[in-house]
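Worksheet: the structure to be examined is printed underneath.
Quick note: the coordinates plus some simple rules give every number you see, no bench work behind them. None of the values given here were measured: they were computed from a predicted structure. Cβ placement follows ideal geometry from the backbone for every residue including glycine, while neighbour counts extend to all protein chains displayed.
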Amino acid sequence: MTGAKVLIVDDEKAIRDGLHKVLVGEGYETELSHNGYSAIEKLQASDFELVITDLKMPGMDGMEVLKAISILQPNVPVIFITGYSTVENAVEVMKIGAFDYLPKPFTPKQLLAKVDKALEHRAFLLEEQSPARHLSEQIEGVNIIGNSPAMKKVFMRIDQVAPTDSTVLITGDSGTGKELVAKAIHHLSPRRGKPFIAIDCTTLVETLLESELFGHVKGSFTGAVQTKTGLFKVADGGTLFLDEVSNITPAIQAKLLRVLQERTITPIGGTNSIPIDIRLVAATNRDLREMVAEGSFREDLVYRLNIVPIELPPLCEREDDLSLLISHFLKKYAKEIGKDIQGLAPGAISILRGYSFPGNVRELENLIERAVVLTKNRLIQAEDLEIDTCTDTESDYINGRVPGSAEELKWMKKKLREDAVKPLEQAFLLAALERNNWNVTRAADEVGMLRPNFQSLLKKQGISLKYRGVVP
């Protein structure tokens, strides 16, 4: 399978370069990572046919990388290379899912033989594998509704990660359903019979949040009149969901990192570490990597939180799901309020289909509930929705439209920024492609971007490789 894409992970540059030289010489495409964190980042951004990784590395070792691969790209075989060539090591890595084991030193011939076998094994698995199942029925209990391609990807990722204990980071705009996804992961996991504890990190000041999470001993601070058990311990055996984790302070970031590394907590004022057994799921509507660049969030904590990412699309990118969601909320609130509602009038449907939903699914649910309460008919009318029918374009603001809520303000600001940077991004992409004769890989490398991210930006800006320009 020459041409296959191989990820090489080793903290020794000489080893990385040697493997790269041998594999590229045989026609393989390679990417190199100097540690486990970098490897996971590349696995999140791009697909691979094979991973070759060192076993002993500082920070995140090869076994942790293997566990992440089993979730992010479960059909990718892993070959371990190590100087610790004992039978015990070989048996251990094979037990946790490695395809093969290659002790140092090894010859190019030995390496290529292992690579060939691993890729043959992967091809066999893909041939025999039954079609991936979707989770619509299983997740219905926590009301995740969707049949669009974007949501099918979300369901697939939930299906992959739920049986494991890996940490999950859910990202998406406000109102997209991040807590529902966290509940679905817990509901489908072996921890389902244990507590699911959720806390919004925006609702408490630092001292109270620290006490809520880690607990405190009596007398540790003013007002600590009795010992309090923290939520990390309350959730023992289950799942702890940290919503809007981007809002935690540097001090709590440091303590959270320690928890994820050591799986113990120390209450405020306490001296003894308490072991915990929890699954951590975090969520944010902000870009944590941007926060790292700004200096407001720890990079090492991002790596620990972002083992398995799940990105929720905004409702405006889920047109196929709109009818399903409307039907679901209509039935739900008609039953709760006790009204015989048969559906929506054509005018109401037209308004909903033309609306941008800056507040996403949460806003749609609120609109339908309000309409059910207000309507005097068996069909929801346009006026029952109470939606401003102005079109959601930049000219609305220029013509005097003012956002009526914080969510709408956020959406309009985001759109204005996108419209402002669009010509710049298009010019940037076109120039990079022109300089590299429209070769995407070379253009991405030249400007310092990962190829999948570069391709995603091309798609976003409507740039066609076939027509070599911007297409409507």
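Listed values, structure above:
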read-out	value
Neighbour-count ranking [beta-carbon atoms within 10 angstrom, fewest first] of Ile278, Ile337	Ile337, Ile278
Test item: Cα-centred dipole of the chain, Lys/Arg +1 and Asp/Glu -1 on Cβ, debye	380 debye
Too-long pairs where the Cα-Cα distance tops 22 Å, listed order kept, from Lys5/Lys114; Lys332/Lys376; Lys56/Lys153; Lys331/Lys413	Lys56/Lys153; Lys331/Lys413
Student exercise, region 142-311 dipole from Lys, Arg, Asp, Glu Cβ charges, in Debye to nearest 20	540 debye
Unit charges on C-beta of K, R, D, E only; dipole of region 1-42, Debye	80 debye
Mean separation of Cα contacts under 8 Å (6+ apart) over length of the chain, as relative contact order %	11 percent
CD proxy at 222 nm, helix term only [per DSSP H run n ≥ 4: -39500 (n - 2.57); per residue of the chain; nearest 500]	-14500 deg cm²/dmol
C-alpha long axis of helix 178-187 to longest principal axis of the chain, angle in °	60 degrees
Cβ-based charge dipole, region 252-368, positive-most Cα from Pro309, Gln253, Met291	Gln253
Selection from Val205, Gly230, Val9 lying farthest towards where the dipole of the chain points positive, charges on Cβ	Gly230
Separation of alpha-carbon centers, region 173-194 and region 220-249, rounded to whole Å	19 Å
Under-5 Å amide H pairs with Tyr101, H placed in peptide plane, nonlocal only	Phe80
Proxy reagent accessibility, fewest Cβ within 10 Å first, across Leu344, Leu374, Leu322	Leu374, Leu322, Leu344
q = 0.11, 0.12 Å⁻¹, the chain: log10 I(q)/I(0) [Debye, one scatterer per Cα]	-1.11, -1.26
Under 5 Å, built H, 5+ apart or other chain: amide partners of Leu379	Gln342
Under Karplus coefficients 6.51, -1.76 and 1.60, residue-wise ³J(HN,Hα) of region 235-251 in Hz, glycine/proline x	7, 3, x, x, 10, 10, 10, 9, 7, 6, 5, 5, 8, 6, 6, x, 5
